[in-house]
Amino acid sequence: MDVASFVLPFLPEVVLLAATLLIFLLDVLHVRRTEIVGALAVAGAAVALLLVVADLRFAPLASLATLPAGRIDAVGSPTALFAFTSLGLVFQGVFLIATLLVSLASVSRPSDERGAPIFFGLLLLATLGMLLVTVAADLIFLLLAVELTSISTYLLVAYTRRDPRSLEAAMKFYIIGALSTTLSFFGASLLYGAYGTTNLYAIRLAAGPVGFPVLVLLGYGFLIAGLAFKATLVPFHAWAVDVYDGAPTDVTAFLAGGSKKVGLFAFFLVFLAPILFVRTVGGGSPFTGAAVGLGPVFQLTLGVLAVLTMTVGNVLALLQKEMKRMLAYSSISQAGYMLIGITVGTAPAIAGATLQIFAHVFMKGAAFLVVGGVAALGIGPLVDDYRGLGTRRPLLSVAFALMLLSLAGVPLTIGFVSKFVLFSAAVQAQGFFVWLAVAGLLNSALSVFYYARVLKVMFFDPAPAAPADRGAVVGASGPSILPAGGLGYGRAVAIGLSAALIVLVGLYPQPVLGAIQLAAQHFVATGA
Amino acid sequence: MTDLPIVGFVALSAALLAIGVFGILTRRNFILLLIAIEISMNAAILNFVYFGAYLGGTPGLTGQSIAVVLVGFAATEVAVGLGIVLALNRVKGTINVEKATELRF
């Protein structure tokens, strides 16, 4: 195999790695200005995103019409470490957009004396791990890629290392993360013992476990627990709110918009295939078709987790007084909606979940960017502190309102389209899945209460007597870049782009939805 | 296939995992917590070694090589943990995880 044919499929990853190494090299050379390093990170993420979009546009979708009959081998092979799927490419796009938005917003951060290269380098390194997750065809490779993301994000959370809250969040994140990693690897080791391989396709193809059926159940159980921690599913969610609250807000945007989706995509890879198999090939007694016979068990488990996650997240969000914590709980409940798609496992449901994950970057990720910007304006962390923001910062408030409305699933926004596709797919799938859709709808209705409360506070409550807006503006947004009304231009652009996309895709979803639906059909058709 | 008493070995690593997880949940000293994390990680690594020896041949070699990779990974993870401990000690003057709580549920 020549070098080019090995490197070419990994071009986005290589670009990202090159940008990361360049940033760390600049750090050694004492080039640490936020604008230079940040621009490099933005450029790296943008180039990688263009490569992914170009790939998505031409390569895998074109081959959809001519899928070979030998379905599994079409995408993965029982010995490969990597498999390139169009759904994986869509997720690469989602991850890179999240990185792009966060690094754009952070370009105009106040310059820490030497922190900028570390911040942006770790951000790109975490993204590299996320991209590698999407091409994984091997369980160990998958888990190691997840860990590349996790370890980078532990450090990102601790980035403001003189802030005790940030350090405490990093400590909790690290302990819980390490525990979940251990559980995942233990589960993987049991599956290896049962099947004699760690390749996801080979596990699916295996006629049955080699020796000990109980190893399979235990192995998958440990894997569900380990990955559920990463994806913030209830009952493994308790860490998320403290970490999202204590982390620097831009890092929170990255955690919510990007890195937690890694856990969800790992669910796609590990559990969706057995679920798909049940539908296409028909069930069977457990263990006859390797992991295949476990499909119904997974569906029940994931369905229960999805309903729990939605409900607990929403109810606790209702009780929060702080903006960041409220958004964090709402982020947990959104993970529940996404899990519905994996549980149902039909092509429309997968498309709905993927669109929901795509939308979540613009809704929740950007909402955290707004919260970070508002904090830089000197406004407090409580929901009540946002009183009168609508008159003081009309554009910012409208953008924030759009994100919240989209999170609530109001028509004409991207959040409505994704929930519509997702829930209607669950209803179409009949049976037990209809109840998932009902639970999702009830939860959406419940969530309107806390989003509406923010809107009311922003637009209808009078502003506090002395606007705290004025004093903090100049100092907080960095000395070297002209502040766009205190936010910084990068953040303003990131927020504006997100708000525009929420409306644009909400009004005219076809291009994005069409690509995602094709990718989902491809994924289902190849069982990969 | 060799005649290793595989069930006994798996029981051993399950015990190691239980000890490690118990330690993670109960220890208050961050350094001891890191040790607990290492113990539980080693349970997974040992599993790969046993199963590799049990399976033999090429599938067996997979397990052995994964074990080596995971040893490296575990070291990386603990290095990051130690970094967080140092920063925590500098700011808070303690490495007791219970004394470092301001964020509330």
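Just checking: which of the helices (runs of 4 or more DSSP H) contained wholly in region A:107-207 hold 3 or more residues that are over 25 Å from B:V10 (Cα atoms) and more than 14 Å from every other protein chain (Cβ to nearest Cβ)?
A:116-134
Take the residues in region B:62-71 that are surrounded by fewer than 21 Cβ atoms within 10 Å (Cβ to Cβ) and free of Cβ contacts under 8 Å to residues at least 12 places away in the same chain; name whichever of them is nearest to the other protein chains (Cβ to nearest Cβ).
B:V69
Answer yes if at least one residue in region A:217-234 is within 14 Å of chain B (Cβ to nearest Cβ), in a helix (DSSP H, G or I), more than 17 Å from A:Y192 (Cβ to Cβ) and modelled with pLDDT of 90 or more, and no otherwise.
For region A:217-234, residues within 14 Å of chain B (Cβ to nearest Cβ), in a helix (DSSP H, G or I), more than 17 Å from A:Y192 (Cβ to Cβ) and modelled with pLDDT of 90 or more: present.
Going by the structure shown, is A:G373 in contact with a Gly (Cβ under 8 Å, 6 or more places away or on another chain) and buried (at least 23 other Cβ atoms within 10 Å of the Cβ)?
Answer is yes for this residue.
If you go through region B:72-92 one residue at a time, how many are more than 30 Å from A:R165 (Cβ to Cβ) and surrounded by 13 or more Cβ atoms within 10 Å (Cβ to Cβ)?
Qualifying residue count for the region: 0.
When you scan region B:1-23, do you find a residue that is under 15 Å from the mean Cα position of the chain (by Cα), closer than 22 Å to B:N96 by Cα and at the interface with chain A (Cβ under 10 Å from one of its Cβ atoms), even just one?
The answer is yes, given that some residue of region B:1-23 is under 15 Å from the mean Cα position of the chain (by Cα), closer than 22 Å to B:N96 by Cα and at the interface with chain A (Cβ under 10 Å from one of its Cβ atoms).
Tell me which residues, restricted to region B:46-61, are touching a helix residue (DSSP H, G or I) at 6+ places or on another chain (Cβ under 7 Å) and either of a type outside the set (A, V, I, L, M) or at the interface with another protein chain (Cβ under 8 Å from one of its Cβ atoms) (or both).
B:N47, B:F48, B:Y50, B:F51, B:G52, B:Y54, B:L55, B:G60, listed by residue number.
Condition check: within 14 Å of chain B (Cβ to nearest Cβ) and in contact with a Gly (Cβ under 8 Å, 6 or more places away or on another chain). Does A:F254 satisfy that?
no
Give region B:1-34 a look and list any residue that's exposed (fewer than 14 other Cβ atoms within 10 Å of the Cβ) and either touching a Lys or Arg at 6+ places or on another chain (Cβ under 9 Å) or closer than 12 Å to A:L179 by Cα (or both), or say none.
Selection gives B:A18, B:F22, B:L25, B:R28.
Test B:N42 against the stated conditions and say whether it is more than 27 Å from A:T160 (Cβ to Cβ), surrounded by 15 or more Cβ atoms within 10 Å (Cβ to Cβ), more than 8 Å from chain A (Cβ to nearest Cβ) and not aromatic (F, W, Y).
For B:N42, the condition - more than 27 Å from A:T160 (Cβ to Cβ), surrounded by 15 or more Cβ atoms within 10 Å (Cβ to Cβ), more than 8 Å from chain A (Cβ to nearest Cβ) and not aromatic (F, W, Y) - is met.
Could you tell me which numbered condition B:L103 fails, if it satisfies all but one of (1) at pLDDT below 95; (2) in a helix (DSSP H, G or I); (3) touching a helix residue (DSSP H, G or I) at 6+ places or on another chain (Cβ under 8 Å); (4) at the interface with chain A (Cβ under 9 Å from one of its Cβ atoms)?
Going through (1) at pLDDT below 95; (2) in a helix (DSSP H, G or I); (3) touching a helix residue (DSSP H, G or I) at 6+ places or on another chain (Cβ under 8 Å); (4) at the interface with chain A (Cβ under 9 Å from one of its Cβ atoms) one by one, B:L103 breaks only (2).
Residues of region A:98-117 being surrounded by fewer than 24 Cβ atoms within 10 Å (Cβ to Cβ) and at pLDDT 90 or above, which ones?
A:L100 - this is the single residue of region A:98-117 that is surrounded by fewer than 24 Cβ atoms within 10 Å (Cβ to Cβ) and at pLDDT 90 or above.
Here is a list of conditions, (1) facing another protein chain (nearest Cβ under 7 Å); (2) β-branched (V, I, T); (3) not in a helix (DSSP H, G or I), and B:V80 meets all of them except one; can you say which number that is?
For B:V80, the failing item is (3).
Exactly one of these conditions fails for A:R204: (1) within 25 Å of the chain's Cα centre (by Cα); (2) under 23 Å from B:P59 (Cβ atoms); (3) of a type in the set (D, E, K, R). Give me its number.
Against the list (1) within 25 Å of the chain's Cα centre (by Cα); (2) under 23 Å from B:P59 (Cβ atoms); (3) of a type in the set (D, E, K, R), A:R204 comes up short only on (1).
Among the residues of region B:24-39, which ones are more than 9 Å from chain A (Cβ to nearest Cβ), assigned to a helix (DSSP H, G or I) and in contact (Cβ under 8 Å) with a residue 40 or more places away in the chain?
B:I31, B:E38
The values are calculated or read from the model by the stated rules, or taken from the named source; none is laboratory data. All values reported here derive from a predicted model rather than from experimental measurement. Heads up, the Cβs are rebuilt from the backbone with ideal geometry, glycines too, and the neighbour counts pull from every protein chain shown.
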